[in-house]
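All remarks here apply to the structure that follows.
The values are calculated or read from the model by the stated rules, or taken from the named source; none is laboratory data. Everything numeric in this text was worked out from a predicted model, so none of it was measured. With ideal geometry, Cβ positions are generated from the backbone for all residues, glycine too; neighbour counts draw on all protein chains shown. The accessibility values were calculated without ligands, DNA or RNA, using every heavy atom of the protein model including side chains. Shrake-Rupley method; radii C 1.70, N 1.55, O 1.52, S 1.80 Å.
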Amino acid sequence: MKSIYLDNAATTSVDKKVIKSMLPYFNLKYGNASSLHLLGEEAKRELESARKYIAKALNAKYREIIFTSSGTEANNTILKGLFWHNYPAKNHIITTKIEHDCILSTCKWLETFGAKITYLNVDAEGFVDLQQLEQAITDKTIVVSVIHGNNEVGTIQDLKAIGDICKRKSTLFHTDACQSFTKVLIDVIKQKIDFVAINAHKIHGPKGIGAFYIKQGIKITPLLHGGGHEFGLRSSTENVPGIIGFAQAVRISNSKSMKKITKLRDRLIEGILRIPNAKFNGAKGEKRLCNNVNISFKNIEGESLGNLLNVRGIFTSTGSACSSNSLKPSHVLRALGLGRLEANSSIRLSLSKFNTEEEVGIVIKEITRAVEKLRKINSIK
Ligand SMILES: Cc1ncc(COP(=O)(O)O)c(C=O)c1O
């Protein structure tokens, strides 16, 4: 049975072009970028050219990009680094109720050291309450951290509107762009952003490599101390193959693929919403990530639906994919106003450029059949 992979918000398959670009850096150009001999210099040169490429994609300067091991590490470094640099003079962080766990858990941890955290509300589509944001900023506020494209419901926040508020109120602005990078335009100058977290494995790059943008002149306390790599902000020998693969993944991303994915997304949504009592979650059209579909089905447990699809070779996700081994209702869906049962009855399908129209047709049929089956079983009970 040929499987259909619809869990690209969790991770993507590495593009062949990316694999090809990385291979020489394992056993031919394997130098340590800090070594002063020719092999080291070659690694350094290519690492810096990858850094420049990624910087350009965000309209940043090359020294403003710091490589990390993941999006999680990038987000941790920014929030903890800012807190330790500013505490105790400032201790307030503003974030939202729909962040990825790596932001929320970091905030919870910082609370144990005296951080005060404001968790902003969102509306029924997942958009941040900008008025609440503006009112929440005080002279103790260190940073406002808002996810760009939401990993569960795909809602894309208006970075420019948030950036304008932060600048007007003289506070820093961080965005977790792990789901949106290369899918939605990010321009750190125009949108007045001070920090951005990104990673490679959501865009057909390798796992274990991420980065963050830090606006020139802003100070943070690093998480890792050592040889002073990454302009002193992240000591550790650089993962050169990962960095080369990351830049290649950015290079091959293009608007043609995004248009194709958007078309598949809209067909999938339309087909699934023909099922009686199916409810669409999140924002619509251009304000939604091109690869995200999230739908709840009345009287169905999302987990059971995911299991039935899994048996049929269709890989999807319920709850917060990267850590969905719990049956706790998704905090994101709850923040959008869904009840516990409704939140537990949802499924997330996330597409990539490798999905096809034919697959979308099969998935619509399989989901329709699976929902009917589960509802019959439920009504017998
Ligand atoms: C929005 C968001 N932020 C951060 C992360 C964490 O990234 P990584 O898997 O590279 O640690 C993810 C991954 O699921 C994500 O979706």
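Please tell me which of these pairs span more than 20 angstrom C-alpha to C-alpha: LYS260/LYS298; LYS279/LYS365; LYS2/LYS260; LYS2/LYS284; LYS108/LYS192?
Table pairs above 20 Å Cα-Cα are LYS260/LYS298; LYS2/LYS260; LYS2/LYS284; LYS108/LYS192.
Can you check what the net charge comes to around LYS140, using other residues whose Cβ is under 9 Å from the Cβ of LYS140 (Lys, Arg +1; Asp, Glu -1)?
Residues near LYS140 contribute +1 overall.
Residues with amide H under 5 Å of SER180's amide H, sequence separation 5 or more or different chain, H placed in the peptide plane at 1.01 Å from N; which?
Counting only residues 5 or more places away or on other chains, the set is GLY149.
Do the sum for the chain: with -39,500 (n - 2.57) for every DSSP H run of n ≥ 4, divided by all residues, what is the mean residue ellipticity at 222 nm, to the nearest 500 deg cm²/dmol?
After summing the helix terms and dividing by residue count, I get -12000 deg cm²/dmol.
Taking Cα atoms, how many degrees apart are the long axis of helix 71-86 and the longest axis of the chain, rounded to 10 and kept between 0 and 90?
The two axes meet at around 50 degrees.
If you fit an axis through the alpha-carbon atoms of helix 357-380 and take the longest principal axis of the Cα set of the chain, what angle between them do you get, 0 to 90°, nearest 10?
Helix 357-380 and the main axis of the chain meet at about 60 degrees.
I'd like the carbon and sulfur percentage of the solvent accessible area for the chain, probe radius 1.4 Å, heavy atoms only, ligands and nucleic acids excluded.
Carbon with sulfur: 55 percent of the solvent-accessible area.
Give me the accessible area per residue for the range 16-252, probe 1.4 Å, as a whole number in Å².
Using a 1.4 Å probe on heavy atoms only, each residue of the range 16-252 averages 41 Å².
Taking K and R as +1 and D and E as -1, what net charge do the other residues with C-beta under 15 Å from the C-beta of LEU82 add up to?
Taking every Cβ under 15 Å from that of LEU82, the sum is +3.
If you wrap the chain's Cα atoms in a convex hull and average its projection over all directions, what's the area in nm²?
That works out to 19.4 nm², a quarter of the Cα hull's surface.
Within a Cβ distance under 12 Å of LEU28, other residues only, what is the Lys/Arg minus Asp/Glu net charge?
In short, -1.
Once phi is turned into θ = phi - 60°, what whole-Hz ³J(HN,Hα) does the Karplus curve with 6.51, -1.76 and 1.60 give for every residue of the range 24-35, x standing for Gly and Pro?
Ordered by residue, 3J(HN,Hα) equals x, 7, 8, 9, 10, 9, 8, x, 7, 4, 9, 6 Hz.
Could you work out which residue, out of ASP194, ASP176, ASP15, moves most in a Gaussian network model of the chain, that is, has the largest mean-square fluctuation with Cα springs under 10 Å?
Among ASP194, ASP176, ASP15, the largest GNM mean-square fluctuation belongs to ASP15.
Just the number, please: percent antiparallel of the DSSP beta bridges in the range 16-252, rounded to the nearest 5.
Bridges in the range 16-252 that DSSP calls antiparallel: roughly 40 percent.
For a quick check: with amide H placed at 1.01 Å from N, whose amide H comes under 5 Å from THR68's, ignoring anything fewer than 5 positions away on the same chain?
GLY210, ALA211, PHE212
Taking only Cα atoms, what is the 0 to 90° angle, nearest 10, from helix 159-168's long axis to the longest principal axis of the chain?
50
Under the rule of at least 5 residues apart or a separate chain, name every residue whose amide H is placed under 5 Å from the amide H of ILE4.
ILE314, PHE315
Do any trypsin sites (Lys or Arg not before Pro) in the range 225-302 lie in a loop, going by DSSP, with at most 16 other beta-carbon atoms within 10 Å of their beta carbon, and if so which?
ARG274, LYS284, LYS298
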